[in-house]
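Let me begin by presenting the structure, written as structure tokens, before commenting on it.
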Amino acid sequence: MNKPDDNKDFVAAPAPNEDVVTKPPRARVEDAVDPDAAPAPKRERDYLDGFLHQKPAEGPVGGAGSDLQQAVIDALKEIYDPEIPVNIYDLGLIYGVEVDDEADATVTMTLTTPHCPVAETMPGEVELRASSVPGIRDAEVNLVWDPPWSPEKMSDEARLELGML
């Protein structure tokens, strides 16, 4: 039996997807890198560097209006309600932030409802965030239900964000 290559009485035309002209070479990532360039510097894990070297705020340690109290409030403003795009401080969930002379923070807070989906995790996150402020020795969260939360406790910024103003 003859093989197909043995009988060449004809010349096959190129297939429609075959180009008669040679195709240019494909671009490769290696082609874009300059081999004479210096190697890239090694990346270091520096995401905690600024936090670890930050010094506590100067001024009176505790009391209303102290820099440390404001630092705790600023840290709490970084926690957002998972269902609403507003931080918990502007939402009115934080009833009070107190920092005593020994740099202990006490946060009094509530939740929108006792059946809130984050009822088990939110107080722990608030405590962790407050205790992570440089200069705070310890933090405690008191979860209260009286007075109950209502939309009137929200800041004007939160109401504007939610289209309620």
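The values are calculated or read from the model by the stated rules, or taken from the named source; none is laboratory data. These numbers come from a predicted model, not from an experiment. FYI the Cβ positions are ideal-geometry reconstructions off the backbone, even for glycines, and counts take in every protein chain you see. The accessibility values were calculated without ligands, DNA or RNA, using every heavy atom of the protein model including side chains. Shrake-Rupley method; radii C 1.70, N 1.55, O 1.52, S 1.80 Å.
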**Study point:** Distance in nm between pseudo-label sites at residue 15 and residue 140 (7 Å out along the Cβ direction from Cα)
**Key:** 7.9
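What's the carbon and sulfur percent of the stretch 118-165's accessible surface, probe 1.4 angstrom, rounded to a whole number? Mind dumping the intermediate values first?
Numbers: 1560 of 3100 Å².
For the stretch 118-165, the apolar C and S fraction of the accessible surface comes to 50 percent.
Ranked highest first by the average count of other Cβ atoms within 10 Å around their residues, in what order do 90-102, 134-146 fall? Could the numbers behind the result be given before it?
Working: 90-102: 17.8, 134-146: 14.5.
Packing proxy ranking, top to bottom: 90-102, 134-146.
For residue 73 and residue 118 in one chain, what is 0.36 nm times their gap in residues minus the Cα-Cα distance, to one decimal in nm? Present the calculation step by step, with values, prior to reporting the outcome.
Numbers: separation 45, 0.36 × 45 = 16.20 nm, distance 2.00 nm.
Gain in length upon complete extension: 14.2 nm.
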Practice item. Using a 1.4 angstrom probe, figure out how much accessible area the stretch 120-165 has per residue, in square angstrom, rounded to the nearest whole. Key: 66
Point to revise | Long-range HN-HN contacts of residue 140 with modeled amide H, under 5 Å | key: 105, 106, 107
